[in-house]
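Peer 1: Below is one structure. I have some questions about it.
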Amino acid sequence: MAVTSEPRAQEGGAAPRHRSATRSLLRLWPYVRPVRVRLFGAAGVAVVASCLGLVIPLVLKWMVDGPVAHRDPGGVWLGGALLLALGTAEAGLFGLRRWLVGRPLASVEAAMRADLYRHLQRLPVSFHDRWASGQLLSRATTDLMLLRMFLAFPLTFLVVNGVTILAGFAILLSQEWTLGLVLVIPAVPLVILCSLFETRYATVARTVQDQTGDLTTVVEEGVLGVRIVKGFGRHRSQARAFRVLSEQVRSTELHKARLLATLWALIMTLPELAIGAALVLGTMRVADGDLSAGTLVAFLSTALTLRWPVESLGFLLAMSQDAATATDRYFDVMDAEPATAADRRLAGSPRRGEDGEGSEDGEGSEGGEGSEGGQDREGGLRFEGVEFAYADAPPEEPPVLRGVDLHIRPGETMALVGATGSGKTTLTALVPRLQEITRGRITLDGRDITALPREELRSLVAVAFEEPTLFSATAGENVLMGAGDAGREELLRALKVAQADFVHALPQGTDTEVGEQGLSLSGGQRQRLALARAVVGSPRFLVLDDPLSALDVHTEALVEAALRQVLAATTALVVAHRPSTVLLADRVALLSEGRITAVGTHQRLLRESAEYRALMSGQEREEGESRP
């Protein structure tokens with residue numbers, strides 16, 4: 001649970017140089033398009049409401065120069081009623097604006113969150129290996145909340161305030177152009193300040209949002225790993241690590257606040273000075289008789305009405321930059337394309353078996369067995385010249401898997417054996433395309449898995465991993481996740497095969513909630529539920545990654561006896577570390593340093609392979625433990 005001082009490079013890290021906030025925000029248009037009528041309508045209503053506010057000074061001018069100057073009480077009452085009507089209409093229109101955008105923008109946020117979650121499920125495991133979960137969580141929560149707030153308020157008022165400022169200055173210049181120029185002059189330094197602020201604030205906003213994602217990761221790891229933290233007495237060190245990252249977020253937030261405070265102070269000071277200068281000059285002109293009192297009142301009232309649109313520029317620009325950063329972070333994930341095997345194969349590289357190379361039987365040049373008895377070469381599960389290297393691996397590093405040729409015949413169970421780090425788990429992840437091969441191909445009954453729709457592929461192949469993952473759902477729902485059309489009968493059969501009958505003794509039986517990650521169950525119970533999930537749908541192909549490692553000897557024997565019936569009706573690849581698990585298989589494949597070096601029965605490999613004998617006797621583990 002390491003804490004880094006900088007946001008992770010692969011997750012964005014900093015705002016792109018010369019990034020255009022407008023270009024970033026325009027990417028939201030596909031989501032906004034369905035609600036554009038109400039959004040534009042809300043902006044139009046807000047513009048009308050704001051312009052009504054500019055009419056009020058004109059009414060005041062009429063009242064001062066008319067009824068007040070002529071001592072006409074009826075005219076004063078009429079002017080007061082008109083002002084009340086204008087104020088009421090303005091308030092009502094702003095309320096209507098909020099009603100117009102509330103529900104539609106909530107639906108925009110929900111649609112974006114749903115698309116993000118759906119896309120995350122389609123991205124390869126390698127993507128999730130690189131990205132911290134906290135970064136993804138912050139994008140799905142905090143960033144989308146910022147975007148909804150931007151669409152609801154800053155976006156509308158950037159338009160509304162821009163129109164209001166233009167209309168207001170037009171009114172000022174038409175009333176008294178000399179005083180109007182006094183108020184227009186500060187606009188030049190304000191534009192320069194806003195441009196400088198946008199560039200600096202964008203970088204700080206990206207940094208703080210990435211740091212918040214890292215902080216979310218630390219919190220999540222601390223909650224999920226609380227047993228380890230407490231078990232090793234590391235709560236103080238974890239708290240210190242959390243404080244360090246919290247201080248980083250705090251420091252960056254304060255830097256961001258200082259930038260905003262500086263801009264806001266200047267934006268508020270310059271217009272106030274201009275209004276003060278206009279007041280002095282206007283009063284002198286009224287005293288000289290060059291300007292009517294009503295015109296000065298209307299002029300100053302209009303200027304004061306424009307205070308909020310001008311002073312809010314800093315706040316609105318800050319929220320716009322936050323939203324642009326949130327948009328960039330959102331599309332950092334959405335732009336990640338699901339990898340395909342075709343994308344990762346080297347251009348022009350022939351597949352094994354297509355250029356006359358490779359063994360006839362497709363089971364490796366060492367220890368392979370021929371296509372006995374005229375077996376169908378295309379049936380079952382076949383690996384042909386399969387290579388795999390992680391996308392972020394250094395170019396000089398050899399692939400994890402190199403030229404793997406293996407054929408698991410229809411209805412056959414193949415045990416995969418190898419030393420730690422030989423690539424067994426990686427090989428099993430290639431079959432359901434949790435990882436994409438770099439070169440070669442894998443076929444199921446003669447069909448290349450890259451040509452199969454993922455939904456069809458994963459309906460054919462069921463998997464169970466060494467580290468079982470359970471969800472915050474009932475025990476029954478966790479098992480039935482392995483087959484969407486399975487019912488109660490299939491559930492009970494799968495529980496029996498996996499020796500998971502302990503479920504019936506839980507408080508609500510199969511309807512008992514197992515809690516997040518299934519931590520309310522023991523390791524062996526979680527593994528048995530994961531195994532039941534793999535076999536519940538009677539899959540044609542079964543991939544098991546050491547599925548019995550957490551079971552005691554007695555339970556393991558019971559599971560193996562029941563599992564034999566399931567394996568007899570499917571084609572299976574089983575990663576095995578124990579001789580008892582190996583004995584479930586018809587044949588065994590030895591994986592060594594990324595290659596299949598021997599294939600045969602358990603007894604044959606015991607006779608012919610010293611490495612296999614060492615693995616089965618535990619010698620390899622003992623030697624590894626004895627090394628300094």
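Peer 1: Mind running the shape call on the stretch 96-207? Use the C-alpha gyration tensor, a ≥ b ≥ c as the square roots of the eigenvalues: rounded below 1.5 for a/c, prolate if a/b tops b/c, oblate otherwise.
Peer 2: Here the stretch 96-207 falls in the oblate category.
Peer 1: Amide H neighbours of Ala598 under 5 Å, counting only residues 5+ apart in sequence or on other chains, H built in-plane at 1.01 Å?
Peer 2: For Ala598, the qualifying residues are Leu590.
Peer 1: Now a separate question. Taking square-rooted eigenvalues a ≥ b ≥ c of the alpha carbon gyration tensor, is the stretch 374-456 rounded, prolate or oblate, where a/c under 1.5 means rounded and, failing that, a/b exceeding b/c means prolate?
Peer 2: In terms of gyration-tensor shape, prolate.
Peer 1: For every other residue with a beta carbon closer than 11 angstrom to the beta carbon of Phe299, add +1 if it is Lys or Arg and -1 if Asp or Glu, then tell me the sum.
Peer 2: Overall, the nearby charge balance is +1.
Peer 1: Taking the Cβ of Val35 as the center, what net charge do the other residues with Cβ under 13 Å away carry, scoring Lys and Arg +1 and Asp and Glu -1?
Peer 2: Around Val35, the charge tally is +4.
Peer 1: If the label point is 7 Å along Cα→Cβ of Ala89, which residues in the stretch 29-72 have backbone nitrogen under 20 Å from it?
Peer 2: 41-64
Peer 1: Would you mind checking the stretch 236-274 for residues with the amide N under 18 Å from a putative spin-label position 7 Å along Cα→C-beta of Glu220?
Peer 2: 242, 245-246
Peer 1: Within the chain, what percent of beta bridges assigned by DSSP are antiparallel, to the nearest 5?
Peer 2: 50 percent
Peer 1: Moving to a separate point now. So what's the net charge close to Ala261: Lys and Arg +1, Asp and Glu -1, counting the other residues with Cβ under 14 Å from its Cβ?
Peer 2: Summing Lys/Arg as +1 and Asp/Glu as -1 gives +1.
Peer 1: Compute the longest continuous run of the chain that contains no exposed chymotrypsin sites (Phe, Trp or Tyr not before Pro); treat a site as exposed when its DSSP state is not H, G, I, E or B and it has at most 16 other Cβ atoms within 10 Å.
Peer 2: Longest stretch, sites excluded: 1-231.
Peer 1: When only DSSP loop residues count, what trypsin sites (Lys or Arg not before Pro) in the stretch 20-76 have their Cβ near at most 10 other Cβ atoms within 10 Å?
Peer 2: Arg71
Peer 1: Something else now. Mind pulling the angle between the C-alpha long axis of helix 73-122 and the longest principal axis of the chain? Nearest 10 degrees, somewhere in 0 to 90.
Peer 2: In the chain, helix 73-122 runs at an angle near 10 degrees to the longest axis.
Peer 1: Right, another one. Indicate the gyration tensor shape class of the chain (rounded, prolate or oblate), computed on the Cα atoms with a ≥ b ≥ c the square roots of the eigenvalues: a/c under 1.5 is rounded; otherwise a/b larger than b/c is prolate and the rest oblate.
Peer 2: Prolate, because a/c is 1.5 or more and a/b exceeds b/c.
All of the numbers you see were taken from the coordinates with simple rules; none came from a lab. As the structure is a computational prediction, the values presented were derived from the model and not from experiment. Note that we place each Cβ from the backbone using ideal geometry, even for glycine, and neighbour counts take in every protein chain shown.
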